[in-house]
Amino acid sequence: MSHVVSPLASRAMDTLANIPVSVSIHHVSSFDLDDAFNDTDDADLPYIFSPDAIREEFARNMPVEDDSWDENENSASTGGFFDDSNTSVSTLDINSDPQIAHPETESPVVGSALSAYFSQISLSTPAQEYESPGEHPTAYINHHPYPNVVISASESPPRQVHSTSGLSQPIEDPPSNTTSDISAPPILVTQAAKSLPLIAEPASNSLSTPQSVIVSTLSSDPPGPSVPLSEKPQGHRPNRPVGPTALEKVRSKTRPSFLPPKPRQEDDKHMADWQHMMKLSRAAAEKRRKAFQERRLLREKAIEESLHIWETEVVPDWRVVFKKPSLRKLWWRGIPTKLRASMWEKAVGNPLALNKDHYRTCLSRAKRALASGVFPQTTLDLIERDMSTTLSALHIFHPQSGPLYGDLKDMLSAWVVSRSDEGLGYTFGAAKIAAMMLINLPNQQAFIVMRNLLERHCMRSFFGGDRAKEDVEAYYRIFDTLLADGMPKIYFNFKQHQISPASYLPDWLIPLFLDHLPFEACARVWDVLLLEGDSFLYRASLGILGVLEPRLFFPEKKELLELLKGENKAALDVAKREGRPLDGGKYEIYGVDEETLWERIDYMNDWWKESTWTRLIQRELPDL
């Protein structure tokens with residue numbers, strides 16, 4: 001239904017452009033402003049947002065003379081803040097009949113003087129105020145200390161509400177199905193620029209507002225230029241990404257996380273100092289490595305220069321080393337590479353009286369078992385897994401490219417067949433011993449030396465399976481006694497953490513230290529081990545603990561076991577930073593090398609006695 005606006009109503013609409021309208025806004029009770037609506041009688045009563053209350057406020061704040069109202073005149077503003085939960089804003093509609101008066105909205109204070117002015121003002125729902133379904137409101141916001149709603153009926157632009165809060169998209173509102181010949185005026189909302197927007201929603205049928213009108217809390221900031229505002233999409237704040245940011249990856253490496261951040265200049269300075277220290281650390285590590293290589297080359301040169309002594313005094317009768325301390329000391333320094341095969345074979349001997357064809361016989365039996373499928377598949381898988389971790393730094397036992405891979409597999413298969421007559425199977429770690437033999441001896445000689453070496457009582461106990469469990473426990477007790485006598489601090493530390501020799505000693509003795517020591521150190525240990533026997537196994541084990549002693553006092557058992565297994569994270573990080581290879585002995589990351597190990601073994605001469613070893617063997621293993 002169309003309506004005609006009277007000139008008097010038009011003047012009223014023009015006048016209302018500067019009349020402030022109080023808006024219900026949530027606030028904190030402690031926020032105190034000079035409320036123009038407060039009276040002494042009802043200061044503590046909540047304000048009731050009703051048509052009667054609106055007209056009472058208009059009567060108190062509007063000028064008495066109608067002719068003095070001017071479109072550009074600044075009206076008195078109010079600062080009412082109400083505790084009422086109604087957050088809606090009233091709107092003015094000119095769609096109602098000008099001849100119909102609203103008795104419920106007439107105030108005794110205003111009287112008939114304002115009845116004509118508000119004859120076309122109605123409080124209706126927003127859906128009834130759109131001219132066509134395609135028209136949507138857009139808000140404009142002018143910076144003003146207090147929010148107000150201004151209505152102008154002098155012009156008839158499309159009904160749009162514009163807001164000035166930072167976004168340019170118009171606020172969409174569902175269109176209405178009703179049409180009108182008269183377009184609704186624009187609504188101007190003034191607010192502070194940096195206030196928090198609140199969406200005003202209709203609270204009742206008699207008092208409503210379009211949902212697109214945005215009301216903001218007041219701010220004391222000075223007014224600024226107007227910018228368009230669109231409704232901000234509702235949703236959760238984005239969570240902070242997990243993990244360090246790009247800045248944290250390069251910043252504050254020298255600052256603990258529980259301390260306040262440092263200034264940028266100080267952080268840059270400390271970062272430069274840290275990088276300089278790391279550079280010096282790498283340079284010092286490289287210098288130590290080169291110095292160690294030079295000393296090792298000098299030792300090897302001295303061993304080669306003593307070759308004529310070996311050939312004239314030791315090779316004719318190797319047992320002379322037990323009679324002459326100088327020759328025994330010469331043996332401890334290391335056997336020349338040229339003579340190592342013959343010296344190992346003589347030192348181990350042939351207690352089993354194996355003939356030269358023993359290897360070929362066992363190998364032929366193993367090949368027949370493999371061809372017929374009788375050879376256990378689990379044993380084959382265990383052999384393959386053991387070979388894959390054997391001297392990986394040398395690359396000579398690699399499955400695809402290693403030249404000695406086939407020889408090693410044949411030797412291990414023959415060794416399994418030779419032990420099958422005794423009811424023994426494969427023991428993980430035997431591939432390391434076979435590989436060391438193949439590097440220094442021909443296949444047949446290596447097989448015979450390996451079999452005789454593993455028949456020594458200590459090695460046979462660790463390779464004997466469950467039937468030798470009692471002997472293994474006896475060797476653990478012997479090692480505990482030697483550790484308590486020679487290194488009491490380490491012994492009590494292990495007892496405090498409840499770490500027995502069973503946690504680390506088998507990993508050393510079964511592969512004869514090849515998994516944990518550098519290859520050059522292992523070769524020298526093997527030279528003395530084949531000469532001195534089982535006692536040197538324990539002496540070398542105690543020497544390793546002596547080198548590791550500064551690292552063994554961890555507060556937790558887990559960290560201590562990781563160190564004994566060669567898996568300490570801090571040491572691995574340092575080795576990676578210094579560029580040291582990690583495919584050698586596991587204890588190389590701790591600085592255990594031939595030089596440091598033999599310094600510790602030589603230091604044990606003050607308290608190590610072979611008589612103590614003999615006495616312990618007789619006590620723990622009387623049948624031996």
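Things worth noting here:
- Maximal additional length on extending the MET604-ASP381 stretch stands at 76.1 nm, based on 0.36 nm per residue less the C-alpha distance.
- In the structure shown, the pairs LYS323/LYS495; LYS279/LYS569; LYS279/LYS301 are assessed against 30 Å; a Cα-Cα span above that value is assigned to LYS323/LYS495; LYS279/LYS301.
- Between ASP583 and ALA53, the FRET efficiency from the beta-carbon distance, with R0 = 51 Å, is close to 0.05.
- With both labels modelled 7 Å from their Cα along Cα-to-Cβ, the SER281 to HIS395 distance reads 3.0 nm.
- Members of LYS287/LYS329; LYS409/LYS432; LYS469/LYS489; LYS489/LYS565; LYS557/LYS586 lying beyond 22 Å, as alpha-carbon distances in this model show: LYS287/LYS329; LYS469/LYS489
- Rounded to whole Å, sorted largest first: equivalent-ellipsoid semi-axes of the range 468-620, Cα gyration tensor: 25, 19, 14
- Peptide ranges 280-291, 515-526 listed from the most packed, as the mean C-beta count within 10 angstrom indicates: 515-526, 280-291
- Filtered trypsin sites (Lys or Arg not before Pro), the range 423-473: DSSP coil and at most 15 other beta carbons within 10 Å: none
- If you take the alpha carbon atoms of the range 375-431 and fit the smallest convex hull around them, that volume is 70 Å³ per residue.
FYI, it's all coordinate maths here, none of it is from the lab. This is a predicted model, so every value here is computed, not measured. Methodologically, a virtual Cβ is constructed for each residue, glycine included, from the backbone with ideal geometry; neighbour enumeration extends over all protein chains shown.
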